[in-house]
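Visitor: First the structure, which I've put down as structure tokens, then a few questions once you've had a look.
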Amino acid sequence: MCALRRFESPHERGVSTILVGSDALKAAAPEISAWCQGRRVFLITSEQVGSLFEDAVRTLLGSSAAVETLIVPDGEEAKSVAVADGLWNEMLERGGKRDSRVIALGGGSVGDVAGFVAACFLRGVELAQIPTTLLAQVDAS
């Protein structure tokens, strides 16, 4: 078992949990699996990051009803109303509901657009950030 550090950030709607440590994703697998159990999950990532990490994340989501991967452009191109609109339409077409989950897999731009999309989809759905670089970790915090 790895040394996983847990930070809790309380806010008016509950508590956000931040997990940090070596192999944090693997150590968080039971929590991620429970959070996604029986729900449709939208994995938002870029093509490059998805090719590197999507399989590892998908193994954590076996208890999900379905996992839908949505690809966004790299960099600042991802942060546009057109991209957000495309994601919302894809989520609706692929069966997104109020109990769906969004997982942002990647760097700052992916996390930013995924957070905005999750906050606005059907008045808001829950979001998890899985940053893949140190800069993305800082940006996600």
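Visitor: Kindly evaluate VAL102 against the criterion of being touching a helix residue (DSSP H, G or I) at 6+ places or on another chain (Cβ under 6 Å), part of a helix (DSSP H, G or I), at pLDDT 95 or above and not small (Gly, Ala, Ser). It would help to see each step written out before you state the result.
Guide: On the way: touching a helix residue (DSSP H, G or I) at 6+ places or on another chain (Cβ under 6 Å): yes; part of a helix (DSSP H, G or I): no; at pLDDT 95 or above: yes; not small (Gly, Ala, Ser): yes.
Answer is no for this residue.
Visitor: Which of the following residues is open to solvent by less than 70 Å² (accessible area, probe 1.4 Å), acidic (Asp, Glu) and in a helix (DSSP H, G or I): ASP112, ASP85, ASP139? Steps first, please.
Guide: Values: ASP85 fails: open to solvent by less than 70 Å² (accessible area, probe 1.4 Å); ASP139 fails: open to solvent by less than 70 Å² (accessible area, probe 1.4 Å).
Sole residue among the options that is open to solvent by less than 70 Å² (accessible area, probe 1.4 Å), acidic (Asp, Glu) and in a helix (DSSP H, G or I): ASP112.
Visitor: Same structure again: Of the numbered conditions (1) at pLDDT below 90; (2) open to solvent by less than 50 Å² (accessible area, probe 1.4 Å); (3) under 22 Å from ASP139 (Cα atoms), GLU76 satisfies every one except a single condition; which is it?
Guide: (2) is the only condition that GLU76 fails.
Visitor: How many residues are part of a helix (DSSP H, G or I) and basic (Lys, Arg) when one looks only at the range 11-32?
Guide: The initial filter retains those residues of the range 11-32 that are part of a helix (DSSP H, G or I), namely 24-27, 29-32.
Still in the list and also basic (Lys, Arg): 26.
Going through the range 11-32 one residue at a time, the tally reaches 1.
Visitor: Moving on to the next point. Out of the residues in the range 65-81 that are among the aliphatic types (A, V, I, L, M) and in a strand (DSSP E or B), which is farthest from VAL41 (Cα to Cα)? Even if it seems obvious, please write down each step before you answer.
Guide: Step one: filter the range 65-81 for residues among the aliphatic types (A, V, I, L, M), giving 65-67, 70-72, 78, 81.
The next check asks that each one be in a strand (DSSP E or B); those that pass are 66-67, 70-72.
Values: ALA66: 6, VAL67: 5, LEU70: 10, ILE71: 14, VAL72: 16 Å.
Out of the qualifying residues, it is VAL72.
Visitor: With GLU126, GLU90 as the choices, which residue is open to solvent by less than 70 Å² (accessible area, probe 1.4 Å) and of a type in the set (D, E, K, R)?
Guide: Values: GLU126 fails: open to solvent by less than 70 Å² (accessible area, probe 1.4 Å).
When all the criteria are applied, what remains is GLU90.
Visitor: If you scan the range 33-64, which residues turn out to be in a helix (DSSP H, G or I), aliphatic (A, V, I, L, M) and either open to solvent by 30 Å² or more (accessible area, probe 1.4 Å) or at pLDDT 90 or above (or both)? So that I can check it myself, show each step before the final result.
Guide: We begin by selecting, within the range 33-64, every residue in a helix (DSSP H, G or I); these are 33-36, 47-61.
Still in the running and aliphatic (A, V, I, L, M): 34, 49, 52, 56-57, 60-61.
Of everything in the range 33-64, those that are in a helix (DSSP H, G or I), aliphatic (A, V, I, L, M) and either open to solvent by 30 Å² or more (accessible area, probe 1.4 Å) or at pLDDT 90 or above (or both) turn out to be ALA34, VAL49, LEU52, ALA56, VAL57.
Visitor: Out of the residues in the range 6-32 meeting the condition of being in contact with a strand residue (DSSP E or B) (Cβ under 7 Å, 6 or more places away or on another chain) and exposed (fewer than 10 other Cβ atoms within 10 Å of the Cβ), tell me which one is farthest from VAL67 (Cα to Cα).
Guide: GLU8
The values are calculated or read from the model by the stated rules, or taken from the named source; none is laboratory data. Worth saying up front: this structure is predicted, and the values here are computed from it rather than measured. All Cβ positions, even for glycine, are placed from backbone atoms using ideal geometry, and neighbour counts span all protein chains on display. Surface accessibility is based on the protein's heavy atoms, side chains included, excluding ligands, DNA and RNA. Shrake-Rupley method; radii C 1.70, N 1.55, O 1.52, S 1.80 Å.
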